[in-house]
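Take a look at the structure set out below.
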Amino acid sequence: MKKRILLSIITLCTFAQAEEVRKITFVPRDIEGYPRICSVENACMVYPKTIQEVKERSAFAQKEALKLINAIITCPVEKQHKKTMLYALDRVYAWVDSTRYPINTVGNVHPDEVMRNECVAHYMELNNFIAENVESNRALYKVFKSYHDTNAQKEALTAQERYFLKTMLRTFERAGSGLSDDKAAQLEKLKKRCMELEAQFQKNLSDDTSKFFVSKEQLVGMSEEWIASLPREGELYALPAYGSLYWDVMFYCELEATRKAMYILGVNRALANKAVTKELLAIRNKRAEILGYKSFADFDLFYQMVETPSKAWEFLKEMQARNLPYAKKEAEERIHNLPEGISLTKDGKIKIWDLYYKGHISARKQSSDKINVSEYFPLEHTLDGLIKIYEQFFDIVIEKLPIQDSWHSDVRLVRVSTKDKKVMAYVFLDLFPREKKYSHCVAFWCADGVKKLDGSSYPGVVTVVCNLTKPSPDKPALLTYSDITTIFHEFGHALHSAFGRTSLYYQSGTKNVTRDFVETPSQMLEYWLGSRDTIKMLSAHYKTGQPLPEASIDEVVKNCKNLSYVSRCTYFGMFLLALHEEDKNKTIEQINKVFIEQNNPCVDYGDEYHNYCQLTQLGRENYGPKYYGYLWTLALAADVFEQIQKEGLLNPEAGKKYVDAILSHGGSKDANDMLRDYLGREPQFDAFYKKMGLE
Ligand SMILES: [Zn+2]
């Protein structure tokens with residue numbers, strides 16, 4: 001009997017394996033390799049389901065891409081035209097991008113660790129593939145350069161095709177493809193070292209789980225309930241030096257010694273990154289020098305909207321000048337109303353560990369979530385409200401659809417279509433936190449849609465990942481104000497992708513929109529939440545169905561104005577810009593001190609302020625000196641929003657004008673030109689100053 005059971009288990013396993021082999025799926029594609037998604041089932045197929053699938057997809061995409069690359073390189077001059085050059089290279093990106101980005105998504109959300117690791121490894125492999133076989137491929141660059149200088153001059157190319165050619169040439173050049181052999185080799189070595197250091201930076205940060213051990217006596221001021229919930233190690237409580245428990249102590253613990261000790265532990269987290277940062281900055285600057293730029297900031301900003309560090313500085317200094325009087329006034333109020341027992345330093349400043357105690361300057365940001373409005377924002381109702389608003393303004397149809405086949409049962413799907421039922425995008429929503437899931441909020445590109453030259457068009461696939469408050473057995477998922485902002489924002493990226501379908505895959509969606517513009521459309525949608533009508537449409541108490549009371553609406557709308565965010569972005573923006581403009585005479589700490597003190601008058605941060613060791617943007621090249629971008633895009637968004645508000649927040653004609661001028665271009669046009677076309681003038685920041693009370 002036992003034997004028979006065993007036998008049938010074996011048979012079952014073999015059958016299951018055979019099933020799996022047969023079931024290996026690939027991203028559905030047309031004959032040229034562009035992802036062609038024709039149904040919900042096709043959309044689900046974009047995400048690999050097994051490790052075997054990840055491996056096979058990665059290998060297959062690389063093989064197809066190599067064939068195309070070789071064909072471009074060996075193409076005789078007389079046959080070099082847009083089909084054999086531009087569109088052939090575009091197909092390389094269509095193959096690799098629509099393989100690597102879904103793999104990256106799965107690597108961030110899949111519940112199985114082995115699968116996640118496999119995805120991360122293959123995502124890296126495919127990134128390296130593009131870097132080595134495309135961007136640093138000197139033979140490929142040579143062919144493109146010759147095509148650009150000769151045949152392309154005579155050929156009728158569209159504006160988008162010319163833009164692609166220009167973008168690709170500068171991508172080759174920035175990767176060092178135009179350098180002499182020894183310089184190119186030197187650059188390659190430095191780039192590899194940068195990648196190692198960046199990985200080390202993130203690793204040092206995630207490895208540092210410093211804990212602060214305290215006795216109950218050291219937690220005077222904290223509630224019994226709070227203390228009882230803490231993890232214990234023997235007689236002591238173990239507090240992490242970051243996250244919400246850390247902030248609770250900073251806000252409420254009555255003993256200065258506890259706050260100070262915890263602050264010191266917190267600010268020295270990942271201190272090993274001090275050396276990593278120093279080397280990283282030196283190498284980034286060296287790379288820029290080899291490529292003929294004055295500094296890494298000059299190199300990095302050259303193809304952003306701001307184009308030069310000086311323009312970014314001008315912007316940040318203007319923000320600082322406008323914001324400082326408010327920051328000073330606020331600091332003075334704080335000094336005037338210091339809680340009992342708090343003393344100032346000799347030169348009249350607040351010690352940093354006292355700044356947060358019993359309410360402080362930046363408490364204004366947190367206060368948006370302190371207003372208990374979440375009972376009025378159950379997820380389903382709020383999501384339906386968002387869908388209604390987006391449907392009306394953008395004149396589209398958004399449908400919730402059932403799915404069976406995804407990486408987790410929480411995942412849901414919506415389909416975005418035009419009014420005449422042409423599907424534009426499938427958007428997968430993975431909204432609740434899980435262990436080891438990507439812990440921030442993001443819209444992952446997966447497969448972008450395209451508008452083919454023959455007139456057909458394919459929808460795209462996007463994944464929105466959030467970590468919203470989960471439903472409980474007796475309550476639905478209730479959203480905080482910042483949850484709602486997040487969902488408006490991330491869904492905005494998904495719509496930008498849906499509208500941004502272009503004829504070249506490389507330009508489609510948002511993946512190649514400059515970093516100092518790509519957030520503008522999503523931040524613009526956040527401003528909708530500053531409208532009383534929007535809040536009314538979104539709110540319905542989960543028990544009574546009543547909308548949020550008028551007084552609370554006022555409070556919520558007021559929270560759209562967040563000057564502490566302006567302070568923070570100005571400070572980090574300036575600090576990171578300065579760090580990437582070589583100044584050998586100053587240490588990182590000295591540069592940091594200048595900007596933190598400039599932007600936070602009346603606060604004493606001490607001389608060894610190592611917060612930058614935890615600043616992930618510093619350790620990631622795609623941010624580097626571009627921190628100003630957070631504020632820059634927000635300020636541009638206000639300019640666009642003001643225009644739309646004049647025309648009507650639910651006016652589909654206003655929506656169409658905006659889509660035509662901005663979203664529909666994806667990454668096929670310079671962002672400055674898109675904004676000028678939309679606004680009919682140069683973009684300006686007056687609307688932002690007005691919104692923030694910084695006039
Ligand atoms: Zn965003």
- Task: Just need the relative contact order of segment 12-154 here, percent rounded to a whole number, with Cα pairs under 8 Å and 6+ apart.
- Result: 25 percent
- Query: Dividing the convex hull volume of the alpha carbon atoms of segment 155-197 by its residue count, what do you get in Å³ per residue?
  - Reply: 63 Å³
- Full-stretch length increase - K83, E224 - with 0.36 nm per residue and alpha-carbon distance subtracted: 43.7 nm
- Item | Cα gyration tensor, segment 283-353 - rounded (a/c under 1.5), prolate or oblate | prolate
- Message: Whole-Hz ³J(HN,Hα) for each residue in segment 470-484, computed from phi via Karplus 6.51 cos²θ - 1.76 cosθ + 1.60 with θ = phi - 60°, x for glycine and proline: what do you get?
- Response: 6, x, 10, x, 9, 9, x, 5, 10, 9, 7, 4, 6, 4, 5
- Item | From phi via Karplus (6.51, -1.76, 1.60), per-residue ³J(HN,Hα) for segment 530-536 in Hz, x at Gly/Pro | x, 9, 4, 5, 4, 4, 5
- Note on the structure: The Kirkwood hydrodynamic radius of segment 235-381, taken as the inverse of the mean 1/r over all distinct Cα pairs, in Å, comes to 19.7 Å
- Task: With an 8 Å cut-off on Cα pairs and a minimum separation of 6 or more residues, tell me the relative contact order of segment 515-625 in percent.
- Result: 18 percent
- Task: Return an integer: the convex hull volume of the alpha-carbon atoms of segment 385-518, in Å³ per residue.
- Result: 134 Å³
- Message: Run the numbers for K543 and D607: contour at 0.36 nm per residue of separation, minus the present Cα-Cα distance, in nm.
- Response: 17.8 nm
- Task: Select from S482, L453, H493 the residue farthest towards the positive end of the dipole of segment 451-519; place +1 on Cβ of Lys and Arg, -1 on Cβ of Asp and Glu, and compute about the Cα centre.
- Result: L453
- Any of K286/K584; K191/K593; K400/K421; K278/K584; K83/K669; K183/K203 with alpha carbons more than 22 Å apart? Name them for me. K191/K593; K183/K203
- For the chain, what is the mean residue ellipticity at 222 nm derived from helices alone (per DSSP H run of n ≥ 4: -39500 (n - 2.57); sum divided by total residues; nearest 500 deg cm²/dmol)? -17000 deg cm²/dmol
- Message: How tilted is helix 243-252 with respect to the longest principal axis of the chain? Cα atoms for both, answer in degrees (0 to 90, nearest 10).
- Response: 20 degrees
- For S457, other-chain or 5+-apart residues with amide H closer than 5 Å (H placed, Pro excluded) are K452
- Message: Against the empirical 2.2 N^0.38 Å scaling, what ratio does the C-alpha Rg of segment 304-439 come to?
- Response: 1.68
- Taking every pair of Cα atoms in segment 189-256, average 1/r, invert it to obtain the Kirkwood radius, and report Rg/Rh to two decimals. 1.22
- Message: Could you give me D for the chain, from Stokes-Einstein at 37 °C and 0.692 mPa s, where the hydrodynamic radius is the Kirkwood radius over C-alpha pairs? Units µm² s⁻¹, please.
- Response: 119 µm²/s
- Item | Folded to 0 to 90 degrees: helix 563-579 orientation relative to the chain principal axis, Cα | 60 degrees
- Message: From the Cα trace of segment 157-276, what convex hull volume per residue do you get, rounded to a whole Å³?
- Response: 166 Å³
- Message: Give the aspartates and glutamates whose C-alpha is closer than 15 Å to that of K586, dropping any in the same chain fewer than 8 places away, or say none.
- Response: E279, D607, E608
- In the structure displayed, which of K274/K470; K260/K511; K67/K189; K166/K294; K192/K437 lie more than 32 Å apart, Cα to Cα? K274/K470; K260/K511
- Residue-by-residue Karplus 3J(HN,Hα) for segment 351-356, coefficients 6.51, -1.76, 1.60, Hz, glycine and proline x: 6, 4, 6, 9, 4, 8
- Task: Find the percent of Cα-Cα distances in segment 584-695 that exceed 23 Å, and round it to a whole number.
- Result: 50 percent
- Note on the structure: Nearest 10, in degrees from 0 to 90: the angle of helix 652-661 to the longest Cα principal axis of the chain is 70 degrees
- Message: For the chain, what does the accessible surface come to per residue with a 1.4 Å probe? Please give it in Å².
- Response: 45 Å²
- How long are the semi-axes of the ellipsoid equivalent to segment 39-131, from square roots of 5 times the Cα gyration tensor eigenvalues, in whole Å, largest first? 30, 14, 9
- So how far, in whole Å, is the C-alpha centre of segment 575-638 from the one of segment 489-548? 28 Å
- Message: Can you compute the radius of gyration and Dmax for segment 518-663, using only the Cα atoms, both in Å?
- Response: 20.0, 64
- Query: Per the 1.4 Å probe, what fraction of the accessible area of the chain, in percent, lies on carbon and sulfur atoms?
  - Reply: 53 percent
- Note on the structure: The rounded separation in angstrom of the Cα centers of segment 392-463 and segment 236-312 is 34 Å
- Item | Of all DSSP beta bridges in the chain, antiparallel share, percent nearest 5 | 75 percent
- Please report the relative contact order for the chain, taking Cα pairs under 8 Å with a sequence separation of at least 6, and give it as a percent rounded to a whole number. 15 percent
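The values are calculated or read from the model by the stated rules, or taken from the named source; none is laboratory data. If you're wondering where the values come from, they're calculated on a predicted model, not measured in any experiment. As a convention, Cβ positions derive from the backbone with ideal geometry for all residues, glycine included, and neighbour counts pool all protein chains shown. These accessible areas exclude ligands, DNA and RNA; they are computed on the full protein's heavy atoms, side chains included. Shrake-Rupley method; radii C 1.70, N 1.55, O 1.52, S 1.80 Å.
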